[in-house]
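Visitor: Please find one structure pasted underneath; my questions will follow.
Bear in mind that the values in this text are calculations on the coordinates, not laboratory data. The structure presented is a predicted model; accordingly, all values stated were derived computationally and were not measured. Glycine gets a Cβ as well: all are built from the backbone with ideal geometry, and neighbour counts include every protein chain shown.
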Ligand code: LMR
């Protein structure tokens, strides 16, 4: 009965890892997926996560029970506090609904399903470019996806004028996807002033902001700095949605831990919204897994562990920043044609190099360096000893 099923292509990001795993070359380097690696090129389990897991071992009984549909309640409170800030008016006035979801993707999907059912506007505007999974998540949930200009390839920076024009032309009430910080794939974020302009425009047209916060603490090294865009929108009292992920900032990729928070105008509305979130989640996956959320909760609620986490997070962010400098220096030393200062200007996990898909294929076939075909490099996958090899590959790709 399935003989007419067509072969689907590999995922543009996760498929890079599939190809990387098949390559027998000792030179191979995976800069595709955004996953942190140490200077030794190894995945990192944070010490604070190991400590939390040790504590959880003594609590095995509770660990295997079903969670409520919206997950661990302490996890939800602490996650909202982390992204919105402890003094957030939405928290103090108790007008938010949070559900523990399956990392960033699951949180976005639950949010999108909720909007399809309970929001009058079915159109969502996403930036160009954006994370490759975004359009698929929203389309699958039944939203109609439109785009707004974001990245300017000539400056390797923000197309602020284009962004404002496109959002001004959006129909009243449309949903707008915003990357809270460390825009994926470009590493280009609006300045504080630009965020303020965007906020005013969004509020004046009653657009509905939907934040994707996948890198809190990873961009600048500070949890508060990386949450400023979201907090600015919540401070004005308007509605918004926030999808949070702990994949990168706690290194909990495979644990699938995240949260969806819907900020409403009143407590009464928030409670009703929460009740409907449950109706979205229950037939989808019933309730979320317990282990990863227990790790996060253990860390967030203990002062010392929270402090230890911040130090480890800062160390990861700093290593990425130092990779930027080293790659920039290496490319400059080779006199590679073109401007490369965007390598140090862009922030977060990724550098959007400007290399085209032909150049990317060349780097993969000749140098065994794996990256997404849009020229995005995961700086978190790079280490000092691999920088010369990468710079050689970029130089050869650009000059050949
Ligand atoms: C990425 O953009 O590489 C990450 O967010 C991983 C993923 O799921 O695509």
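Visitor: Based on DSSP, what percent of beta bridges with both residues in segment 66-301 are antiparallel, to the nearest 5? Intermediate results must be reported in sequence, preceding the final value.
Guide: On the way: 14 of 31 bridges.
DSSP beta bridges in segment 66-301 are roughly 45 percent antiparallel.
Visitor: Can you give the FRET efficiency to the nearest 0.05 for residue 8 and residue 169, using r as the Cβ-Cβ distance and R₀ = 35 Å?
Guide: Working: r = 34 Å, r/R0 = 0.98.
Approximately 0.50, to the nearest 0.05.
Visitor: Right, next: If packing is taken as the mean number of other Cβ atoms within 10 Å per residue, what is the order of 209-216, 44-51, highest first?
Guide: 209-216, 44-51
Visitor: Taking other Cβ within 10 Å of each residue's Cβ, how do 245, 229, 88 sort, fewest first?
Guide: Working: 245 26, 229 23, 88 19.
Ranked by crowding around the Cβ, least crowded first: 88, 229, 245.
Visitor: With runs of 4+ DSSP H residues as the only contributors, calculate the mean residue ellipticity of the chain at 222 nm using -39,500 (n - 2.57) per run, divided by the residue total and rounded to the nearest 500.
Guide: Values: 16 runs with 183 residues, N = 400.
Helix contribution divided over all residues of the chain: -14000 deg cm²/dmol.
Visitor: Using a Förster distance of 30 angstrom, determine the FRET efficiency expected from the C-beta separation of residue 222 and residue 152, and round it to 0.05. If you can, show how the numbers build up before the last one.
Guide: Values: r = 27 Å, r/R0 = 0.89.
E between residue 222 and residue 152, to the nearest 0.05, is 0.65.
Visitor: Sticking with the crude label model, points 7 Å out along Cα→Cβ, report the distance from residue 204 to residue 325 in nm, one decimal please.
Guide: 4.1 nm
Visitor: For the chain, what's the relative contact order in percent, using C-alpha pairs closer than 8 Å and at least 6 residues apart? Before the final figure, lay out the partial values.
Guide: Values: 746 pairs, mean separation 100.6, N = 400.
Taking the mean separation of contacting Cα pairs over the length of the chain, I get 25 percent.
Visitor: List 179, 120 from most exposed to least, where exposure is judged by having the fewest other Cβ atoms within 10 Å.
Guide: Details: 179 26, 120 7.
Result, fewest neighbours first: 120, 179.
Visitor: At a Förster radius of 41 Å, what calculated FRET efficiency corresponds to the Cβ-Cβ distance of residue 339 and residue 117, to the nearest 0.05? Each step should come with its number before you reach the end.
Guide: Values: r = 47 Å, r/R0 = 1.15.
Once the sixth-power term is evaluated, E becomes 0.30.
Visitor: Right, next: If each residue's Cβ is checked for other Cβ atoms within 10 Å, how do 379, 305 rank with the fewest at the top? Don't jump to the answer; show the numbers that get you there.
Guide: Details: 379 25, 305 18.
So the ranking, lowest neighbour count to highest, is 305, 379.
Visitor: Using a Gaussian network for the chain with springs between C-alpha atoms less than 10 Å apart, which of these wobbles most: 376, 109, 325?
Guide: Result for the chain, Cα springs under 10 Å: 325 fluctuates most.
Visitor: Apply the a/c threshold of 1.5 to the C-alpha gyration tensor of segment 1-154 and tell me whether it is rounded, prolate or oblate. Display every interim value, and only then the final one.
Guide: Details: a/c = 1.58, a/b = 1.10, b/c = 1.44.
Taking the square roots of the gyration eigenvalues as a ≥ b ≥ c, segment 1-154 is oblate.
Visitor: From the Cα gyration tensor of segment 54-122, with a ≥ b ≥ c the square roots of its eigenvalues, which class applies: rounded if a/c is under 1.5, or else prolate if a/b is larger than b/c, or else oblate?
Guide: Numbers: a/c = 2.60, a/b = 1.43, b/c = 1.82.
Oblate, since a/c reaches 1.5 and b/c is not below a/b.
Visitor: For segment 115-274, rounded, prolate or oblate, judged on the Cα gyration tensor with a ≥ b ≥ c (square roots of eigenvalues), a/c < 1.5 rounded, else prolate if a/b > b/c? Could you put the intermediate results ahead of the total?
Guide: Working: a/c = 1.30, a/b = 1.04, b/c = 1.25.
Note, shape of segment 115-274 comes out rounded.
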